[in-house]
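Engineer: Mind having a look at this structure? Questions to follow.
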């Protein structure tokens, strides 16, 4: 497995902090209920694709998507305790936890809007609040086995298309070029993998006309060739 130092140029400790997070989620029974999204999903793709895939890992944020904000999980009340045991700091705001911090990395939780609009929602049985995001229904789950854990990430096709779809509305706008660069690198890899490229085409075809059109328009605007 390629080292994180070669992938990112960052500290190897960041990789271990990520696995500290995964361990904390597992101990709180939440790992099966969450999906790792954002740049750290690309890191996990190295366990799916193999050593010839080099992710565009440039973020100090780890985004954890709790898909159903109403799902109650036995044991999840131990989340803050387990994260503290793993060395994470978690300052409170109004009695709620917005993020966990450790050695320069920030862990944030996201949730689906599920028709309720933007804002924040508290994850049941925990003190943690998640930011509600639109269009998370585009994420198609893929399970990756790594270090003895079974971790859910968006499929490469859905990850790529989600980034293209939301790019024109991405905030802050400074993140838009970075997302396009991540898409460019992932797409270049998929284009060398016939089965993955076929899966990308099938995924695009499964979307609504509005989503297909916006994705293709954004791709074309940045010189990206989709199947």
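Engineer: When you go through (1) in contact with a helix residue (DSSP H, G or I) (Cβ under 7 Å, 6 or more places away or on another chain); (2) surrounded by fewer than 18 Cβ atoms within 10 Å (Cβ to Cβ); (3) within 30 Å of residue 89 (Cβ to Cβ); (4) free of Cβ contacts under 8 Å to residues at least 60 places away in the same chain one by one for residue 173, which number turns out not to apply?
Structural biologist: So the condition that residue 173 fails would be (1).
Engineer: Right, another one. Against the definition (modelled with pLDDT of 95 or more, under 23 Å from residue 47 (Cα atoms) and either out of contact with any strand residue (DSSP E or B) (no Cβ under 8 Å at 6 or more places or on another chain) or surrounded by 15 or more Cβ atoms within 10 Å (Cβ to Cβ) (or both)), how does residue 221 come out, yes or no?
Structural biologist: Taking the combined requirement at face value, the residue does not satisfy it.
Engineer: Is at least one residue of segment 52-63 farther than 17 Å from residue 186 by Cα and at pLDDT 95 or above?
Structural biologist: yes
Engineer: Could you please find all residues in segment 26-58 being within 21 Å of residue 166 (Cα to Cα) and without any contact (Cβ under 8 Å) to a residue 24 or more places away in the chain?
Structural biologist: 40
Engineer: Then there's this: Quick check on my filter: what residues within segment 32-54 are on the phi < 0 side of the Ramachandran plot, under 13 Å from the mean Cα position of the chain (by Cα) and not in a strand (DSSP E or B)?
Structural biologist: Matches in segment 32-54: 39, 40, 41, 42, 43, 44, 45.
Engineer: Taking the residues in segment 81-93 that are at pLDDT below 95 and either under 16 Å from residue 24 (Cβ atoms) or out of contact with any strand residue (DSSP E or B) (no Cβ under 9 Å at 6 or more places or on another chain) (or both) as candidates, determine which candidate is surrounded by the most Cβ atoms within 10 Å (Cβ to Cβ).
Structural biologist: The residue in question is 90.
Engineer: Any residue that is without any contact (Cβ under 8 Å) to a residue 40 or more places away in the chain and more than 24 Å from residue 67 (Cβ to Cβ) - is there at least one of those in segment 101-114?
Structural biologist: No, there is no match, as no residue in segment 101-114 is without any contact (Cβ under 8 Å) to a residue 40 or more places away in the chain and more than 24 Å from residue 67 (Cβ to Cβ).
Engineer: Here is a further query. Inside segment 9-32, can you point out the residues that are at pLDDT 90 or above and farther than 19 Å from residue 90 by Cβ?
Structural biologist: Within segment 9-32, 15, 32 qualify.
Engineer: In segment 156-178, how many are outside any helix (DSSP H, G or I) and closer than 19 Å to residue 217 by Cβ?
Structural biologist: 2
Engineer: Of the residues 181, 106, 82, 131, which is in a helix (DSSP H, G or I) and more than 21 Å from residue 227 (Cα to Cα)?
Structural biologist: Sole residue among the options that is in a helix (DSSP H, G or I) and more than 21 Å from residue 227 (Cα to Cα): 82.
Engineer: For residue 68, work out the one condition from (1) surrounded by fewer than 18 Cβ atoms within 10 Å (Cβ to Cβ); (2) at pLDDT below 90; (3) in contact with a helix residue (DSSP H, G or I) (Cβ under 7 Å, 6 or more places away or on another chain); (4) outside any helix (DSSP H, G or I) it doesn't fulfil.
Structural biologist: So the condition that residue 68 fails would be (3).
Engineer: Sort through 126, 136 and tell me the only one that's under 19 Å from residue 216 (Cα atoms), touching a strand residue (DSSP E or B) at 6+ places or on another chain (Cβ under 8 Å) and either surrounded by fewer than 15 Cβ atoms within 10 Å (Cβ to Cβ) or assigned by TED's automatic domain parsing to the domain that holds residue 22 (or both).
Structural biologist: One residue alone meets the criteria, 136.
Engineer: So for segment 105-123 (the condition being out of contact with any strand residue (DSSP E or B) (no Cβ under 9 Å at 6 or more places or on another chain), at pLDDT 90 or above and surrounded by fewer than 18 Cβ atoms within 10 Å (Cβ to Cβ)), does at least one residue qualify?
Structural biologist: no
The values are calculated or read from the model by the stated rules, or taken from the named source; none is laboratory data. Remember, predicted model here, so these are calculated numbers, not experimental data. Ideal geometry is used to build each Cβ from the backbone, glycine not excepted, and the neighbour counts take in all protein chains shown.
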